[in-house]
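Only one structure is covered here, and it is reproduced in the block below.
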Amino acid sequence: MRQKVRKSFLYLSALLFPVTLNYFSPYVSIDGAFLGIVSGSVIVFGLLFVSALFLGRAWCAWLCPAGGISAFAQTINAKTVPVKRLKYVRYGIFTVWLSILILGFVLAGGIKGVNPLHLTDTGFSVDEPIKYLMYYLVVFTWLGLSFWLGKRGACHAICWMSPFLVAGTWLGQKLHLPQLKIKSDPNLCINCKQCTKVCPMSIMVHEELMQGVISNTDCIRCAECVDACPKSVLRLNIH
Ligand code: SF4
Ligand code: SF4
Ligand code: SF4
């Protein structure tokens, strides 16, 4: 039941992507930066960071539109992905994007204003033909990479939002803030590896659970592992 509800949220969010695309757009954030404007996407990236302090990467599992596209792609290719190698690509892209963003604000002479609707005057992101092109480019890139690489392949390889979520999750853990986490009772585990098999983030759950908690910053708090475990070893709770 929990997984049906979660996936319903994800697919609904994916259907609304033509409305919300600009609020996650690296292009919109850079365009705004060169004008000294804090755009909607910069605000959203900041909110994702703050949410991760307490909820970890639950955004990825429950609400992200691109996560919904990834979840659909996983029904076609559920292969485990080489997480570590893809991380280098993702952080490379993120570093270039962040550098350009900062450069934009510097060249603009600092922050001159805040406009959540920058390049989204109607409130609807995809509202003219050229934006349809951009929308389909994003969707087909996401689908293509995930079909090719496997489970949430595009999330691992190119997501420019996940570093904010990873940083928030990591900081929340370091500050010992109450955070949504997967806790475990290793003594009950029969090592059937069902949890690892269903994990959409290619985490070796059966190994990580031995520490009593999944502290891996790739964990998106989807609770697939919890619901698949035959021995109730795992729990999704705020700790
Ligand atoms: S990794 Fe990025 S695209 Fe994937 S679900 Fe998380 S925020 Fe969305
Ligand atoms: S599914 Fe449960 S019993 Fe099986 S390895 Fe994972 S935690 Fe252990
Ligand atoms: S470890 Fe469990 S909660 Fe975390 S991503 Fe994997 S299946 Fe989801």
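Cβ-Cβ contacts under 6 Å between residues 6 or more apart (or on different chains), taken from a first residue in the stretch 43-58 that is on the phi > 0 side of the Ramachandran plot and assigned by TED's automatic domain parsing to the domain that holds residue 29 to a second residue that is assigned to a helix (DSSP H, G or I) and buried (at least 19 other Cβ atoms within 10 Å of the Cβ), are listed as 56/169. When the residues of the stretch 173-197 are filtered to those that are among the aliphatic types (A, V, I, L, M) and within 18 Å of the chain's Cα centre (by Cα), the one that is farthest from residue 214 (Cα to Cα) is 180.
Taking every residue in the stretch 122-142 that is over 13 Å from residue 22 (Cβ atoms) and pairing it with any residue that is part of a helix (DSSP H, G or I), at least 6 positions away or on another chain, the pairs with Cβ-Cβ distances below 6 Å are 142/66; 142/69; 142/154. All of 42, 50 fail the test of being of a type in the set (Val, Ile, Thr), surrounded by fewer than 20 Cβ atoms within 10 Å (Cβ to Cβ) and assigned to a helix (DSSP H, G or I), apart from 50.
One line per residue, one yes/no per condition, for (1) within 22 Å of residue 135 (Cβ to Cβ); (2) assigned by TED's automatic domain parsing to the domain that holds residue 119; (3) free of Cβ contacts under 8 Å to residues at least 40 places away in the same chain; (4) away from ligand 3 (no atom under 16 Å from the Cβ):
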{"position": "18", "(1), (2), (3), (4)": "yes, yes, no, yes"}
{"position": "76", "(1), (2), (3), (4)": "yes, yes, no, yes"}
{"position": "80", "(1), (2), (3), (4)": "no, yes, no, no"}
{"position": "96", "(1), (2), (3), (4)": "no, yes, yes, yes"}
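Residue 110 meets the stated requirement of being assigned by TED's automatic domain parsing to the domain that holds residue 31, more than 22 Å from residue 18 (Cα to Cα), small (Gly, Ala, Ser) and at pLDDT below 95.
Condition first: over 15 Å from the mean Cα position of the chain (by Cα) and either in the same structural domain as residue 196 (by TED's automatic domain parsing) or at pLDDT 95 or above (or both). Can you find one or more residues in the stretch 156-172 that meet it?
If we filter the stretch 156-172 for residues that are over 15 Å from the mean Cα position of the chain (by Cα), which is where we start, we get 171-172.
Applying the additional criterion that residues be either in the same structural domain as residue 196 (by TED's automatic domain parsing) or at pLDDT 95 or above (or both) yields 171-172.
The answer is yes, given that some residue of the stretch 156-172 is over 15 Å from the mean Cα position of the chain (by Cα) and either in the same structural domain as residue 196 (by TED's automatic domain parsing) or at pLDDT 95 or above (or both).
If a residue has to be within 25 Å of residue 170 (Cα to Cα) and near ligand 3 (Cβ under 9 Å from one of its atoms) to count, how many in the stretch 228-239 make the cut? Number of matching residues: 2.
A single member of 76, 93, 100, 69 is modelled with pLDDT of 95 or more and under 30 Å from residue 7 (Cβ atoms), and it is 69. Reported count of residues in the stretch 192-202, each being within 20 Å of residue 55 (Cβ to Cβ) and either more than 11 Å from ligand 2 (Cβ to nearest atom) or basic (Lys, Arg) (or both), is 2. Please find, among 86, 48, the residue that is at pLDDT below 95 and within 12 Å of ligand 1 (Cβ to nearest atom). None of the other options fit; the residue is 86.
Out of all the residues in the stretch 198-218, is one or more in contact with an Asp or Glu (Cβ under 8 Å, 6 or more places away or on another chain), more than 10 Å from ligand 3 (Cβ to nearest atom) and closer than 23 Å to residue 162 by Cα? Yes: one or more hits.
For the residues 110, 104, the requirement of being touching a Gly at 6+ places or on another chain (Cβ under 7 Å) and either within 16 Å of ligand 3 (Cβ to nearest atom) or touching a residue at least 60 places away in the same chain (Cβ under 8 Å) (or both) singles out 110.
The values are calculated or read from the model by the stated rules, or taken from the named source; none is laboratory data. All figures in this text were calculated on a predicted structure; none of them were measured in a lab. Using ideal geometry, Cβ is built from the backbone for each residue, glycine included, and neighbour counts are taken over all protein chains shown.
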